[in-house]
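See below for the structure under consideration.
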Amino acid sequence: MNNYDAVGLTRDEYDRIIDYIGREPNELELNMYGVMWSEHCSYKHSRPLFKHFPTSGEKVLQGPGENAGIVDIGDNLAIAMKIESHNHPSAIEPYQGAATGVGGIIRDIFAMGARPIALLNSLRFGEIEKYDRVKYLLEGVVEGIAGYGNCIGIPTVGGEVYFNSSYNGNPLVNAMCVGIIEHDKIHRGNASGVGNSIMYVGAATGRDGIGGASFASVELTEESEEKRSAVQVGDPFMEKLLLEACLELLDTGSIVGIQDLGAAGLTSACCETATRGEGGMEIDVLKIPRREKGMHPVEVMISESQERMLLIVEKGREREVEEIVEKWGLHAVVIGKVTDNDKLVVKEGEKVVADIPAESLDSSGAPKYYSDYQVPEYYKEAKKFKYNDIKEPTGYNEVLLNLLKSPNIASKEWIYRQYDHMVRTNTVVKPGSDAAVLRIRGTKKGIALTTDCNSRYCYLDPREGSKIAVVEAARNIVCSGAKPLAVTDGLNFGNPEKPDRYWQFRESILGISEACRELDTPVISGNVSFYNETDTHAIHPTPIIGMVGVLDDVEKACTMYFKSEGDIILQLGETKAEIGGSEYLSIIHHLETGEIPFINMAMEKRVQEAILEAIQRGLLESAHDLSEGGIAVGLAECSMEKGLGAEITLNTNLRRDLELFSESQSRFLISVKPANLDAVARILEESRVPFRSIGKVMGNKLQIVMNQETVIELPVAEIEELWRGAIKCLIE
Amino acid sequence: MKFGIVVFPGSNCDIDCYHALKDTLGQDVEYIWHDTEEVKEYDCVILPGGFSYGDYLRCGAVAPFSRVMDAVKVHADKGKLLVGICNGFQILTEMGLLPGALVRNKNLKFICDTVALKVENKETPFTNRCTHGQIINIPIAHGEGNYVVDDEELEKMKKNGQILFTYQENPNGSVLDIAGICNENKNVLGMMPHPERACEDLLGNDDGKFILQSIISFLEGGWKSE
């Protein structure tokens with residue numbers, strides 16, 4: 001193996017390094033390029049497509065390129081947010097993989113100066129009914145997220161979990177963190193001010209997580225188990241101290257720049273802060289606190305040990321920093337200084353061990369690849385599906401129950417009950433409704449948070465599926481009574497060097513861009529995870545959309561649950577014969593095919609605006625968007641929390657299974673007090689939103705009559721028991 | 001009348017207790033840093049929830065050796081009020097200020113939920129605003145809330161009315177469904193559920209006020225044991 005192969009680079013990339021530095025790189029330098037030019041750090045295959053994203057807007061205070069994006073919510077306050085993947089570590093060591101994913105994303109938020117206030121997690125696993133390995137991964141990942149988030153005291157308020165065979169060998173673990181910050185307290189990772197000190201604070205550097213970024217940039221294979229040492233180990237208590245110490249430090253005005261040590265460790269933190277600042281930096285590896293003796297400079301520079309931060313401190317104020325850090329039981333040491341020679345110089349005592357133009361290391365210096373793309377066969381094949389190909393089932397009670405207990409639709413309570421979702425006492429709408437709502441202390445405001453992605457749609461049609469992921473996130477935000485503001489995206493795909501995978505990625509970016517532009521929700525941060533595949537297949541394209549929205553009056557927050565008997569239930573939007581890619585088709589007919597539902601962005605916007613207005617005027621008792629499982633599952637979901645049934649009449653020309661389980665877009669269920677019906681109808685008519693009254697909240701049964709025939713009649717208690725217990729039942 | 005909330009490294013619910021007492025109930029309240037030597041000016045000291053010192057050894061095992069804890073013990077020995085919530089309860093049993101111990105939940109998982117508690121004894125500084133047998137809904141969030149104690153001690157606790165709260169549906173395996181207890185002298189309370197998380201309608205529930213208001217009534221001298 002060539003020395004460049006060993007660090008995951010190609011011959012061309014090696015030559016590029018020689019061009020930059022004018023000589024052969026030494027071992028340390030080569031390793032630094034290896035981690036920085038890995039896909040995970042350099043985005044070399046994805047960056048050329050980022051230009052499509054809308055990233056600015058009057059409310060965007062910080063777009064992509066920093067540790068996290070920041071969006072204005074008024075009152076001099078802003079929300080910092082970012083999502084990040086930890087897929088490969090979690091596939092090998094689920095507890096620590098997931099825990100350190102949470103730890104890493106929290107650091108990204110407080111590195112901006114924001115106080116982290118909420119966590120969300122988007123998880124994907126293989127077929128839980130079939131494989132014990134999947135159960136092991138799920139239990140480990142959930143415990144890891146709980147172990148870290150609960151201990152550090154940041155509530156885990158939302159997320160989603162889906163199961164699909166495409167994730168059998170490669171689960172996805174995407175963690176999102178949201179923080180709150182005052183406009184004038186925003187900090188960035190800039191090493192500016194020549195002569196300023198570079199200080200290191202937090203945990204000592206060990207041999208864990210060596211080469212993690214490179215490990216994340218190749219496909220998972222049988223040998224991946226051997227890379228367990230590339231997985232880091234988390235210490236949430238250390239991070240809690242680091243978080244409090246850093247926020248206190250940032251208030252002193254002594255900190256010029258701050259950066260967390262994440263993927264590629266010190267190498268990345270030094271290089272990124274240097275290039276954002278004056279351009280140069282000099283550090284001494286001997287000054288770095290270490291966990292063990294005999295560590296080589298390469299190990300020190302690329303270790304991904306957790307809970308470490310880099311501070312750029314105004315010269316002369318180092319002692320002040322040390323004192324605050326020591327109060328929190330930690331240590332801070334000066335490891336170097338800012339220079340203006342555009343070079344990242346690493347010394348070992350007096351000896352220079354690396355001397356590299358800083359910019360050449362980071363993503364601007366890394367190669368960019370415009371991969372070939374090609375429409376895969378399956379894409380055209382899937383569109384040939386006709387619903388007449390499948391037989392209409394008999395016994396809709398049974399069909400509905402089978403859907404409700406299927407792992408994708410079943411309650412995720414077994415999971416979120418392990419997460420402390422209430423700590424810090426701001427959680428107004430808890431996990432289980434469409435979006436989580438948090439109040440913003442000291443104001444009347446609230447924020448709504450969600451993550452979304454139907455990856456089956458994204459597989460069958462990456463462009464339209466990705467649009468739907470964005471609008472569905474927005475629907476969840478709107479149903480909570482909040483106005484959608486901004487997006488952070490976690491893009492999980494297969495190997496970008498394969499043309500069909502790259503096509504999926506490209507289509508997905510274009511779909512997200514279009515939807516975000518239409519909804520005026522710019523992409524302010526994000527993460528790309530490629531190479532999510534095993535020897536046999538890639539995962540479904542999974543562009544996870546994390547979205548934040550704002551409520552001017554948090555008291556107006558709305559949930560999806562029916563509230564009282566006699567309330568009138570309206571269906572907004574039209575049901576069409578659209579079961580391609582549906583949960584119904586997958587669970588009941590074992591088919592993953594078809595043309596996915598059509599999304600009309602103009603209609604979508606009108607419906608969302610109408611719902612938002614109705615909620616803000618206090619006219620709605622509940623609001624819920626229709627997604628997986630269609631109107632039948634949607635009605636069941638609204639019934640459960642309070643055990644209130646519904647008497648529903650659906651008159652239709654569609655085949656009965658289509659009416660009940662179609663996943664047509666831009667549809668919502670709302671419930672309204674009879675006295676408010678006229679006012680709501682007026683809003684909907686003015687917005688040209690099609691709607692129909694389908695029944696009322698009544699009793700303790702869910703009853704659906706279609707064209708004078710009762711097709712579903714089930715006690716809510718029975719539905720709920722099955723739905724709530726299904727995941728627990730599968731695991732235990 | 002003044003409340004003090006001890007802040008250990010790793011305390012998380014210190015801020016929640018502070019807001020519940022200050023913003024919701026209008027009380028005079030301060031944080032007490034763990035490195036302090038005196039707690040003289042406080043009428044009620046609270047050990048809040050969280051993961052003090054990371055809780056890597058055993059929940060609550062390290063906090064008793066914090067510098068502030070000698071003074072906290074003197075405070076309790078004088079008969080002043082001391083309240084341990086969640087991790088605070090674990091710390092109080094580690095210190096021997098309350099009997100028994102808290103071990104891992106029976107299902108070996110962390111549990112976060114809102115549960116129904118029954119008030120078993122209203123004749124205490126912590127429950128005097130409740131009615132006997134009242135059901136209150138209070139959140140729990142713990143991995144180690146399974147209360148264990150030897151039979152002899154348990155009998156004593158029953159006889160003295162030291163069992164203050166029991167779970168209606170036992171979530172964690174606690175003996176006799178115990179959720180909260182006090183010492184023999186009835187000035188030290190330990191409970192796994194978080195009353196400070198249930199003090200506002202906006203958050204869905206304000207049953208926690210029954211407990212915090214009881215403490216306030218007691219301190220105001222508005223309540224005497226019958």
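One table, with the values for the structure above:
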| read-out | value |
| --- | --- |
| Net +/- balance of residues flanking B:GLN162 in space, Cβ distance below 10 Å, scoring K and R +1, D and E -1 | +1 |
| Residue pairs, from the table A:LYS185/A:LYS293; A:LYS240/A:LYS315; A:LYS556/B:LYS209; A:LYS185/A:LYS498, whose Cα atoms sit over 32 Å apart | A:LYS185/A:LYS293; A:LYS185/A:LYS498 |
| Average other protein chain Cβ within 10 Å of Cβ, residues B:43-53 | 2 |
| Least to most buried among A:TRP37, A:TRP723, B:TRP33 (fewest other Cβ within 10 Å first) | B:TRP33, A:TRP723, A:TRP37 |
| Filter on A:LYS337/A:LYS368; B:LYS118/B:LYS186; A:LYS82/A:LYS483; B:LYS40/B:LYS156 - keep pairs with C-alpha separation over 23 Å | A:LYS337/A:LYS368; B:LYS40/B:LYS156 |
| Helix A:716-731 vs. chain A, principal-axis angle (Cα, 0 to 90°, nearest 10) | 30 |
| Beta bridge orientation in region A:588-732: antiparallel %, DSSP, nearest 5 | 70 |
| Prolate/oblate/rounded call for chain B, Cα gyration tensor, a/c under 1.5 rounded | rounded |
| Partner chain coverage, peptide B:140-150 - average Cβ within 10 angstrom | 2 |
| Residues in region A:503-538 reached by a label modelled at A:TYR378 [backbone nitrogen below 14 Å; 7 Å Cα→Cβ] | A:503-505, A:532-538 |
| Footprinting exposure proxy for A:GLU732, A:GLU720, B:GLU123 (fewest neighbouring C-beta atoms within 10 Å first) | A:GLU732, B:GLU123, A:GLU720 |
| For region A:52-361, the Rg and Dmax computed from alpha carbons only, in angstrom | 19.3, 62 |
| Tilt relative to chain A, helix A:630-640 - C-alpha long axis, 0 to 90 degrees, to 10 | 90 |
| Residue-averaged beta-carbon neighbours from other chains (10 angstrom radius) around A:421-433 | 6 |
| Burial ordering of A:ASP657, B:ASP151, B:ASP70, fewest other beta-carbon atoms within 10 Å first | B:ASP151, B:ASP70, A:ASP657 |
| Under-13-angstrom lysine pairs by C-alpha in region A:558-732, whenever the two are 8 or more apart or on separate chains | 5 |
| Tilt relative to chain A, helix A:236-250 - C-alpha long axis, 0 to 90 degrees, to 10 | 70 |
| Cleavage-rule hits, chymotrypsin sites (Phe, Trp or Tyr not before Pro), region B:48-87, DSSP coil, Cβ neighbours within 10 Å at most 14 | B:TYR56 |
| Cleavage-rule hits, trypsin sites (Lys or Arg not before Pro), region B:57-107, DSSP coil, Cβ neighbours within 10 Å at most 12 | B:ARG67, B:LYS78 |
| Sum of side-chain charges, A:PHE110 neighbourhood, beta-carbon under 15 Å (Lys, Arg +1; Asp, Glu -1) | -2 |
| Of all DSSP beta bridges in the protein assembly as shown, antiparallel share, percent nearest 5 | 75 |
| Neighbour-limited loop hits for trypsin sites (Lys or Arg not before Pro), region A:371-420 (at most 15 other Cβ within 10 Å; DSSP other than H, G, I, E, B) | A:LYS383, A:LYS384, A:LYS386, A:LYS391 |
| Summed residue charge, Cβ within 14 Å of A:LYS44's Cβ, Lys/Arg positive, Asp/Glu negative | -2 |
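Every number in this text was worked out from the coordinates using simple rules, so none of it is lab data. Here the structure is a predicted model, which is why all the values come from computation and not from measurement. Note that we place each Cβ from the backbone using ideal geometry, even for glycine, and neighbour counts take in every protein chain shown.
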